[in-house]
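What follows is calculated from the coordinates using simple rules that are stated; it is not laboratory data. None of the values given here were measured: they were computed from a predicted structure. Because the Cβ atoms are built from the backbone with ideal geometry, glycine has one as well, and the counts that use them run over all protein chains shown.
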Amino acid sequence: MPKCVCKGAKLKCSFGEEPKEMTILPIGLSVQGNPVATAMDLIPFLNIPAFGKCKSPANPMNWKIVGPAPVFIPSSCIPIPIMLWNPAAEQTKIAGFPAMLETSKTMCIWAGSIEVDELAIKNVEVN
């Protein structure tokens, strides 16, 4: 059975520099004092942190004009998710929304795949 994601879990982006901790507001269910994430917890800089330098060639901020031609220079990450966390729990709802799972992923507008790197609490299973 998949496990749910709680405050303190680390996320990573396929084009990010390093994993960072997810923030979840204490609105619904908590486990051991840590709020549980939902499929809707994807607000940039609130739920989804910046991952250091962005290495995506699709990110226009990474292209700088140096002399006569553009040069690829990674810049600061600005995560912009374009879909809800998926898959999400089918039966477990928090404040009316499906719980986020350890297998959940979302995509960034700059073509990066954002996923769970490490759970904060490893024994909370959901349906």
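Summary table below
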{"item": "Residues whose placed amide H lies under 5 Å from that of I94, excluding near-sequence neighbours", "result": "A99"}
{"item": "Table column - 3J(HN,Hα) (Hz), segment 37-54, Karplus curve with 6.51, -1.76, 1.60, x for Gly and Pro", "result": "7, 10, 5, 8, 7, 9, 7, x, 6, 9, 8, 9, x, 6, 9, x, 7, 8"}
{"item": "Of all DSSP beta bridges in the chain, antiparallel share, percent nearest 5", "result": "95 percent"}
{"item": "24 Å Cα-Cα reach of K53 towards lysines, excluding residues that sit fewer than 8 places from it in its own chain", "result": "K7, K10, K12, K20, K64, K105"}
{"item": "Stokes-Einstein diffusion coefficient of the chain, Kirkwood radius over Cα pairs, 25 °C, 0.890 mPa s, in µm²/s", "result": "163 µm²/s"}
{"item": "Spin-label model distance (nm) - E21 vs F45, 7 Å beyond Cα toward Cβ", "result": "2.0 nm"}
{"item": "Whichever aspartates and glutamates have a C-alpha closer than 17 Å to that of K55, once near sequence neighbours (fewer than 8 apart) are set aside", "result": "E17, E18, E115"}
